[in-house]
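What follows draws every value from the coordinates through simple rules; no lab data is involved. Here the structure is a predicted model, which is why all the values come from computation and not from measurement. Please note: Cβ atoms are built from the backbone with ideal geometry, for glycine as well, and neighbour counts cover all protein chains shown.
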Amino acid sequence: MSTSLELFFLFVMAVLGGAVNVAIGGGWFIVFPSLIFRGIQPVTGTATTTIILWSGFLISSKPVKKTAEICQSHFNYMVAACTAGGVTGAVLLIAFSHKVFETIAPYLLLCSWILFTFYNRILTYFDSGAAVRKEFNYSHIKLMPLFLLGIYGGYFGAGMGMIIFILYRFYGIKNNDTLERLALVLVGANNAIAILIFICSGLIFWPFALVMIAGSILGGYLGNGLKEKINIIAIKKNAVVIGATVTLYFLV
């Protein structure tokens, strides 16, 4: 494959990944395998995927407004916990051997695919009578799961926003707008600090990253503009199949 054709392929994959990521989530299943297919080592591929999807997701997202359900000081603690986890996860990714990541990554990918596939059913459970109905009450203890989730976000990160959505739904926040804003800020802060560490450690493969960041941003805008007009269910089914294929490939 020629260099120009290779970069065009990666740009198209980034557009698709960015669009899918903002519309239904799951852009990781498109961008990460594309980098691996073009010969990028998995740890470098993970770091590069993070900056690609983060750029498209952040720039194409709507401005975050303050929510009355969480006071500013509590919100700051939550961001700090998630950011500290991101630092830890990024350092772990760099510190441990590539062999460790290559051993763990397929199972993390499997877990993220399971989450992506059954995400709506999980949310339905928390909206049903079978779930305990409660109001959200902040406590420092609730920062620990967020810190652990932040470690996952810095180390791998696929599906992190969905996990935050589910976690705080379980904690009692019922307003979807609040959950979306919360996930956007926490994932954004977590990924930002991890990306800064990846850049300083030289882990980003810039020749591919720059092209794919542009594609992800374009895809993010397209995904936001079209998600009200397209058949989300059909796209989700196709994304589940793609995710299953990618996951099986890395497991085998």
Seminar exercise, completed: Residue-ordered couplings for region 202-215, obtained by feeding phi - 60° into the Karplus form 6.51 cos²θ - 1.76 cosθ + 1.60 and rounding to whole Hz (Gly and Pro as x), are x, 8, 7, 8, 5, x, 8, 4, 5, 5, 6, 4, 4, x
For this session: Could you rank the peptides 149-162, 179-192, 24-37 by their average count of other C-beta atoms within 10 Å per residue, with the highest value first?
Result: 149-162, 24-37, 179-192
Exercise. Under the Karplus relation 6.51 cos²θ - 1.76 cosθ + 1.60, θ = phi - 60°, what is the ordered set of whole-Hz ³J(HN,Hα) values for region 167-184, x standing for Gly and Pro?
Worked result: 4, 7, 5, 4, 5, x, 7, 9, 7, 5, 4, 4, 5, 5, 5, 4, 4, 4
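Please compute the volume of the convex hull spanned by the alpha-carbon atoms of the chain and report it per residue in Å³. Walk me through the numbers on the way to the answer.
On the way: hull volume 32.6 nm³, N = 252.
It is 129 Å³ per residue.
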For this session: Grab the DSSP H runs of the chain that are 4 residues or longer, score each as -39,500 (n - 2.57), total them, divide by all residues and round the 222 nm result to the nearest 500 deg cm²/dmol.
Result: -26500 deg cm²/dmol
Exercise. From a point 7 Å beyond the Cα of LYS99 in the direction of its Cβ, which residues of region 17-48 have a backbone N at a distance under 18 Å?
Worked result: 41-44
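When you count, for each residue, the other Cβ atoms within 10 Å and take the mean per peptide, how do 139-145, 39-45 rank with the highest first?
Numbers: 139-145: 12.4, 39-45: 18.0.
My ranking of the peptides, most packed first, is 39-45, 139-145.
In region 28-124, what trypsin sites (Lys or Arg not before Pro) fall in a loop by DSSP, with at most 10 other Cβ atoms inside 10 Å? Numbers along the way, then the final one.
Numbers: sites: ARG38, LYS65, LYS66, LYS99, ARG121; in loops: ARG38, LYS65, LYS66.
Listed in order of number, the matching sites are LYS65, LYS66.
Just to verify a number: FRET efficiency for MET144 and SER2, C-beta to C-beta distance, R0 = 51 Å, to 0.05?
Working: r = 50 Å, r/R0 = 0.99.
Given R0 = 51 Å and the Cβ-Cβ separation, E is 0.50.
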Seminar exercise, completed: If each part is reduced to its alpha-carbon centroid, region 223-246 and region 175-212 end up apart, in Å, by 22 Å
